[in-house]
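First up is the structure itself, then whatever we jot down about it.
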Amino acid sequence: MQKKQAMAIRLDENVILVMLGAAVLAVIIMLIRYKNYQPCVPFHLTTRAGSYYTGEVVRFETDARKFTQLHWDFGDNQSNETAVTSAVHAYDQPGEYTVALTVNGTCTEYKTIYISRAPVVVDSLLLPKFIFPQSAEVGKSVQFEDTTHGAEHWEWRFGETAGVDATARNPSYVYRTPGLKTISLVINNNPLQLAIGKVYVNPAPPPPVKKPSGGGGAPVIVIQDKPTSAPLEDQMPEAPVEVKRAPEISRQDFENMLKGVASGFKNAQSFGPYLCDNLNIQVSLNGNEITFTELCNKLSSLKNEKKIRRLNVQMVKNEKTNCVVALVVNMKLKESLFEKIF
């Protein structure tokens, strides 16, 4: 009986030793983790680009400090790791992308950018160049000559039919009707390689009047009922269409104006000149699609710009008019018991 009791006591001591060992190991692991723990220090993610178009390089930068590794996720299934505070990337397709930057594998910041499809750039050196007279006459042959270097295929339209009138380099054409005609030339089967010209076709002169036989009669005066030259307004060159451009505004000034909406001394109409009076342009607010008017309504409901913790705006502009046609807005508010990030 005493032997069994001694065995039970020894077993209890072994259990206690195991528990003490596990406790000591847990304390050691906690100390190691505490020593290596690095809290997340707030940092920002910004972008720089000449234009946010497909194929254009976008530069991403951060003000993160005391890091060993940066992991960039560009939102299009491509990523990169750097040991410096910047990275570059080009997008192949237009759309909205959420970029994520993770510092030291623990702290992550997000930013949404909007990429537009790159406009088609036409090389002016590839545009057709052809020679033709400024005026012609019904029933008489008119000669046209293409001088474009590298042209191998031609489609001429001389303004009287809906189809192609000639496919030679230097064709001739006989007009059947008078008036101002528009000539177009497409070369190498490329619709972008198109040139246009205008020629005024005079009506055919009336047939000569035979003098009455016998002589001694009064001279016959023929008065033409239609002019043989183009009207004055058709002879004048077409005035270039002046494109009205919106005033220039920097991203910082645009952000300050939006903060002014939150404080109550600006409104959506204040942005009219920069938006070419289109107050319903599309806005991506933290990844949600709304209109610019709805954005201003959300801002005005804040009553104070101090409630905004961070505001970052990217503007998409029309190159010809300089009008702001889309916005990408990332905004965070100061959180409290009654406020939340929207």
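The values are calculated or read from the model by the stated rules, or taken from the named source; none is laboratory data. Small disclaimer: the values here were computed from a predicted structure and weren't measured. Positions of Cβ are generated from backbone atoms using ideal geometry, with glycine treated the same way; all protein chains shown enter the neighbour counts. Please note that ligands, DNA and RNA were not included when accessible areas were found on the heavy atoms of the full protein model with its side chains. Shrake-Rupley method; radii C 1.70, N 1.55, O 1.52, S 1.80 Å.
The rows are residues; the columns are (1) modelled with pLDDT of 90 or more; (2) part of a strand (DSSP E or B); (3) in contact with a helix residue (DSSP H, G or I) (Cβ under 6 Å, 6 or more places away or on another chain); (4) polar (S, T, N, Q).
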position: Cys276; (1), (2), (3), (4): no, no, no, no
position: Lys306; (1), (2), (3), (4): no, no, no, no
position: Val316; (1), (2), (3), (4): no, yes, no, no
position: Asn322; (1), (2), (3), (4): no, no, no, yes
position: Ala326; (1), (2), (3), (4): no, yes, no, no
Checklist line | Residues being closer than 13 Å to Lys334 by Cα and open to solvent by 60 Å² or more (accessible area, probe 1.4 Å) - total across segment 292-307 | finding: 4
Next item on the list: Identify the residue in segment 71-82 that is modelled with pLDDT under 90 and open to solvent by less than 80 Å² (accessible area, probe 1.4 Å) and, among all such residues, is nearest to the chain's Cα centre (by Cα).
Entry: Ser79
Next item on the list: Among what's in segment 244-280 and is open to solvent by less than 70 Å² (accessible area, probe 1.4 Å) and of a type in the set (Phe, Trp, Tyr), pick the residue that is farthest from Arg309 (Cα to Cα).
Entry: Tyr274
Check: If you check Tyr110, Tyr97, which single one turns out to be open to solvent by 70 Å² or more (accessible area, probe 1.4 Å) and modelled with pLDDT of 90 or more?
Finding: Tyr110
Margin query: Step by step: first the residues of segment 127-147, then only those that are open to solvent by 90 Å² or more (accessible area, probe 1.4 Å) and under 41 Å from the mean Cα position of the chain (by Cα), then the one that is nearest to Pro206 (Cα to Cα). Which residue is that?
Written below: Gln134
Check: When residues of segment 178-203 are filtered for being assigned to a loop (DSSP other than H, G, I, E, B), open to solvent by less than 60 Å² (accessible area, probe 1.4 Å) and out of contact with any helix residue (DSSP H, G or I) (no Cβ under 6 Å at 6 or more places or on another chain), how many remain?
Finding: 3
Margin query: Filter segment 318-332 down to the residues that are open to solvent by 50 Å² or more (accessible area, probe 1.4 Å) and over 10 Å from Cys276 (Cβ atoms) and list them by number.
Written below: Glu319, Lys320, Lys332
Next item on the list: Identify all residues within segment 45-67 that are touching an Asp or Glu at 6+ places or on another chain (Cβ under 7 Å), under 16 Å from Asn330 (Cβ atoms) and open to solvent by 40 Å² or more (accessible area, probe 1.4 Å); write none if there are none.
Entry: Thr46, Arg48
Checklist line | Failed item, numbered, when Met30 is tested on (1) in a helix (DSSP H, G or I); (2) modelled with pLDDT of 90 or more | finding: (2)
